[in-house]
Amino acid sequence: MHHTIEVENLTYTYPGGHQALIDVSLSVGPDERVALVGPNGAGKSTLMLHLNGIYRPTSGQVTVGGLPVTDDNIGQIRAWVGLVFQNPDDQLFNPRVFDDVAFGPLHMALPEEEVRRRVDAALDAVGMQDYADHISHHLSLGQKKRVAIATVLSMHPKILVLDEPTAGLDPRARRSLINLLDSMERTMLTATHDMRLVADLFTRVVILDNSRVAADGPTGDILSDGALLTEHGLEAP
Ligand SMILES: Nc1ncnc2c1ncn2[C@@H]1O[C@H](COP(=O)(O)OP(=O)(O)O)[C@@H](O)[C@H]1O
Ligand SMILES: [Mg+2]
């Protein structure tokens, strides 16, 4: 059984004064897959960065698996929530692929053999098993995105939070990433502009626009509402 996300009346103001989230409430049930869509600057990434405590609410509350995201719980929350950044260069900082994927499990103080097992399994899952000894920095964008996902899979997260996973990928890389995500039974919240990805993979859609939740409903209902999509700068797949 995987975990829930509860976001209650979350408001976040950046130090410069910009209100990037205003009174956002959203819950994701165990094993539910929710897509977060909306124009650039809507606040999607800001919201995701709250889910493992990188940002903390200006007001409101975020709860994961029943635990509020606070300093006391941050270790447990980060073990549960696998957050994949939009830009893999923000996630990969070790010279070798193996070390990037091993970083989380090593940090969890797991025995070396278990770390190795987890790295192998995570690289296998993303189809990068032959790249353990490669230099992360030299990989293509699609390969880096896969390795970035492997770095969180190796932690056995109960929740996957993905920020624009298919952005910038060529069609084949995009398709294999979609198949990979589809094969993962896990609570999933994904920010994306890829409306075909939304239609293929997600049961529910939340539209974020101008720092607020503009709509939240079953994918079929949202994607068939042309006026709603147009109003928020979105297109049907
Ligand atoms: N570090 C920051 N400091 C100040 N403003 C920021 C920062 N990061 C993002 N913003 C602003 O917050 C708003 C929401 O950004 P973001 O969450 O990245 O939106 P999205 O992911 O939906 O494109 C934007 O107006 C953006 O310019
Ligand atoms: Mg973003």
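General observations
- Inter-centroid distance (Cα atoms) of the stretch 42-77 relative to the stretch 177-195, Å: 21
- Value at 222 nm in deg cm²/dmol, rounded to 500, when DSSP H runs of n ≥ 4 in the chain each add -39,500 (n - 2.57): -9500 deg cm²/dmol
- Shape annotation for the chain: C-alpha extents along the principal axes are 51, 43, 37 Å, from largest to smallest.
- Between 0 and 90 degrees, the angle of helix 171-183 with respect to the longest Cα principal axis of the chain falls at about 90 degrees.
- Length-normalised contact order of the chain in % [C-alpha pairs under 8 Å, at least 6 apart]: 26
- With both residues required to sit in the chain, DSSP beta bridges show an antiparallel share near 55%.
- The angle between the Cα long axis of helix 97-107 and the longest principal axis of the Cα atoms of the chain comes to about 80 degrees, rounded to the nearest 10.
- Charge context of Gly217, other residues only, Cβ under 15 angstrom, K/R +1, D/E -1: -4
Computed from the coordinates by the stated procedures, all read-outs in this text should not be read as laboratory data. Since the model is a prediction, treat every value here as computed from it, not as a measurement. When we count neighbours, we look across all protein chains shown, and the Cβ atoms used for this are built from the backbone with ideal geometry, even at glycine.
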